[in-house]
Structures are given as C-alpha cells and as structure tokens.
Amino acid sequence: MPITVQFAAGPKLWPEYQAPLAAAFAEAGLDIAMTPEADPATVDYVVFAPGGTITDFAPYTRCKAVLNLWAGVERVVGLAGLTQPLCRMVDPALTEGMVEYVVGNVLRHHLGLDQHIRHQDGVWRNNLVPPIARERPVTILGLGELGAACGQALARLNFPVTGWSRTPKEVPGLRCLAGPAGLEAALDGAQVVVLLLPLTAETENLLNAGRIARMARGGFVINPGRGPLIDDAALLAALDTGRLAHATLDVFRTEPLPPAHPFWGHPGVTVTPHIAADTRAPSASRVIAENIRRGEAGEPFLYRVDRARGY
Ligand code: NDP
Ligand code: OXD
C-alpha cells in the first residue's frame, strides 16, 4: 500500500511543490500517494507550513511526522493536538540564500555603499574610505545551520566573527561564546550584529536597550531571524540618537509590516519583506523525501524539533 502524504502547506505552494516532491519521492524509491486533502486517520506524513491548512493535529492518529517547509517553527510548535514528531526545514539552498543576504548586507554597511548611492550629487567625497574587513568585528547571535554558515562566509572575507549560541559550539574560524554569560562579551564592541536566533520564550526581546548599548557606537543591526527578537522601541531610540547607524530588517512582529509602521521611511532602517532566504522546492523536496525514507526505515528523523526548547 502506498504511503499517504498530505501536503498541508497551503494551496499557493501546492503547484510549486507537487512535481519536485513527486520527483524526490521517486528518486528515494518511495511509493507515495500525495494529496492536499485527506482523511486525517489515513495520513502517514504531513508536509506543513505556518498558516497551512491543518489547525488541529489530534485526528492525525497514524501520522509518523509533521515535516515543516520553514526553518522557523514558532508558529507550529504550539498547534493544537501536535504530539507527532515535528521536523523543521534545513535546506541547503535556503542556507545559500541566507549567506548571500547576510554577506551582501554586511558588505553594504561595511563599505558604506548607501552614502554613495544616496549622494550622486556632483560632490567628490574621497574621504569616505572604509576600513578593511579585519577591522570590523561582526557578531552573529545564533550559531545553528544558518548562523554558522553566515559566520564562516564572513570569516573567509577576514571579518573577525564572534558567534553566540545556547550551548557551547566550536565553529572553525569563529570565536564561539555561549549562554547568558557569553552574550555580553559577544556584543561588546560589535560593529555589526546579525540575528539568526529562533523565536522562543527565551529569545524574545533579546536585543534590548542595554544590549544595544554594548555594541560599538554607530554600529549596524541586521535581522533576518524573527521580528520579536528585537525590542523595536529600543532599536528606534538607538537609531534616532545615532547610537546605531542603521538596521536592516527582514522580519517583523506583524507581517506584512503595516504601512504606518515607523520602520517604513525611517532613514536608519531598511525594510526587506521577509525574503532573506526562501525554502527552494527542488532541494527541500529531497530533504522531505529523506525524512520519510528514514521514518519508514525506523531511523531517527533529521532536524527534529525539541518542543520543550521551542526550536
Ligand atoms: P538552528 O536551530 O539551526 O539554530 C538556532 C541557533 O540559535 C542555535 O545556535 C541555538 O543554540 C541558538 N539559540 C536558540 N536559543 C538560544 C538562546 N536562548 N540563547 C542563545 N542561543 C540560542 O536554526 P537555523 O539556523 O536554521 O535558523 C535560525 C532562524 O532563522 C529560524 O528559527 C528562523 O527564525 C530564521 N529564518 C529566517 C528566514 C528568513 O527568510 N528571514 C529563513 C530561514 C530561517 P544551540 O546551537 O546551542 O542549540
Ligand atoms: C523560515 C522563514 O523560517 O522563511 O524558513 O522565515
């Protein structure tokens, strides 16, 4: 009998994923019947995304795993009836995209490119010579799949990179700090802070006024993690006083960011509309297929979320 997979990531993604998932299942040698709608009692695996079509997992009595298409799971972990193993997305193409977004924005701020882009006014400002990368300390909050990859890419460009995580890590080329005690040292004197933490009860409002004050004056914040990681009022105050030079923000407490929000149009803020790194259907489908293969073979799932931890 074929394995039943319900694609419950919403009707918009179904046309994008239907063929790549079918190809990945075939490549993995899996006999799968996949459908966007199914009798919950017959479903073996659910492919899911935040805002997807299932609001209560209790009737999914046979389901062996819920496979999320997103890396972040803060909108999934608490869903009603979710007792099945939950796996988040680790997609090599998503990681590539995030590395490009972070490196691109770090270089933009490091090189002061905005000053040239905004001032094409006939004035020859040859005093705007940036430092070199080795003189610009960067701190990455979150040293998981994405933080470590971004940190290593920046270290290859000679930025002195500090990474911070919950548990101690060793990432070649990076100064690694961990836990509450490591946070202050990670922020002290940082000229660029990149947030790549998951949103949990512990990380909400993590970058607050006191912690921003530890950064170098005139520093930059880049947040492709989650909006609530930053205390918005503290960030705006730091930008308004010049304590921080600029914040490039991809994620927000409310998305889409409401038109009247002070981030829009603020000279010290760049808003990008949650596009830092998308899950790509061909590579993500192979990750989903591998997890189903593992489930069927009785092997441990990849990227399983620890619900108590929240990520
Ligand atoms: P991972 O789970 O691989 O890494 C999370 C990192 O954060 C780990 O290093 C973890 O520490 C650390 N962390 C978690 N809680 C704490 C804490 N309380 N104190 C210190 N460190 C902590 O996640 P990813 O790297 O895959 O993704 C990170 C986030 O990026 C996602 O959760 C999502 O919110 C966001 N994202 C945004 C996208 C966008 O387009 N804007 C796209 C994809 C993801 P430890 O290693 O010790 O567990
Ligand atoms: C994700 C995201 O979590 O796109 O994958 O934010």
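Points to keep in mind about this one:
- Odd one out for residue 1, checked against (1) at pLDDT below 95; (2) part of a strand (DSSP E or B); (3) not polar (S, T, N, Q): (2)
- Residue match in the stretch 106-120 (condition: in contact with a Cys (Cβ under 7 Å, 6 or more places away or on another chain), aliphatic (A, V, I, L, M) and in contact (Cβ under 8 Å) with a residue 40 or more places away in the chain): no
- In the stretch 39-78, the residue that is nearest to ligand 2 (Cβ to nearest atom) out of those that are out of contact with any Ser or Thr (no Cβ under 7 Å at 6 or more places or on another chain), hydroxyl-bearing (Ser, Thr, Tyr) and modelled with pLDDT of 95 or more is 45.
- Any hit, the stretch 240-256, residues being in contact with a Leu (Cβ under 6 Å, 6 or more places away or on another chain) and within 16 Å of ligand 2 (Cβ to nearest atom): no
- Residue count, the stretch 176-231 (criterion: of a type outside the set (A, V, I, L, M, F, W, C), under 19 Å from the mean Cα position of the chain (by Cα) and not in a helix (DSSP H, G or I)): 11
- Among the candidates 96, 145, residue that is modelled with pLDDT of 95 or more and closer than 30 Å to residue 44 by Cα: 145
- Of all residues in the stretch 176-192, those satisfying the criterion of being more than 18 Å from residue 109 (Cα to Cα), crowded, with 17+ Cβ neighbours inside 10 Å and out of contact with any helix residue (DSSP H, G or I) (no Cβ under 6 Å at 6 or more places or on another chain) are 176, 182, 183, 186.
- Of all residues in the stretch 285-311, those that are within 16 Å of residue 4 (Cα to Cα) have Cβ atoms under 6 Å from Cβ atoms of residues that are assigned to a loop (DSSP other than H, G, I, E, B) and within 16 Å of ligand 2 (Cβ to nearest atom), 6 or more apart or on another chain, in 291/302.
- Contacts under 8 angstrom Cβ, first residue in the stretch 130-150 being closer than 16 Å to residue 177 by Cα and touching a residue at least 60 places away in the same chain (Cβ under 8 Å), partner part of a loop (DSSP other than H, G, I, E, B) and among the polar types (S, T, N, Q), 6 or more apart: 137/191
- For the stretch 24-55, a residue qualifies if it is surrounded by fewer than 15 Cβ atoms within 10 Å (Cβ to Cβ) and touching a residue at least 60 places away in the same chain (Cβ under 8 Å), and the qualifying residues are 27, 29.
- Evaluation of residue 265 against (1) away from ligand 1 (no atom under 13 Å from the Cβ); (2) over 22 Å from residue 143 (Cα atoms); (3) surrounded by 16 or more Cβ atoms within 10 Å (Cβ to Cβ) (one fails), failing number: (3)
- Here the condition is being assigned to a loop (DSSP other than H, G, I, E, B) and closer than 25 Å to residue 197 by Cβ; of 75, 62, it holds for 75 alone.
- In the stretch 79-101, the residue that is nearest to ligand 2 (Cβ to nearest atom) out of those that are under 16 Å from residue 144 (Cβ atoms) and part of a loop (DSSP other than H, G, I, E, B) is 89.
- Residues being surrounded by fewer than 19 Cβ atoms within 10 Å (Cβ to Cβ) and either in a loop (DSSP other than H, G, I, E, B) or hydrophobic (A, V, I, L, M, F, W, C) (or both) - total across the stretch 282-311: 12
- Test: residue in the stretch 239-253 that is more than 15 Å from the chain's Cα centre (by Cα), in a helix (DSSP H, G or I) and over 22 Å from residue 72 (Cβ atoms): yes
The values are calculated or read from the model by the stated rules, or taken from the named source; none is laboratory data. Since the structure is predicted, the reported quantities are computational estimates derived from the model, not experimental observations. As a convention, Cβ positions derive from the backbone with ideal geometry for all residues, glycine included, and neighbour counts pool all protein chains shown.
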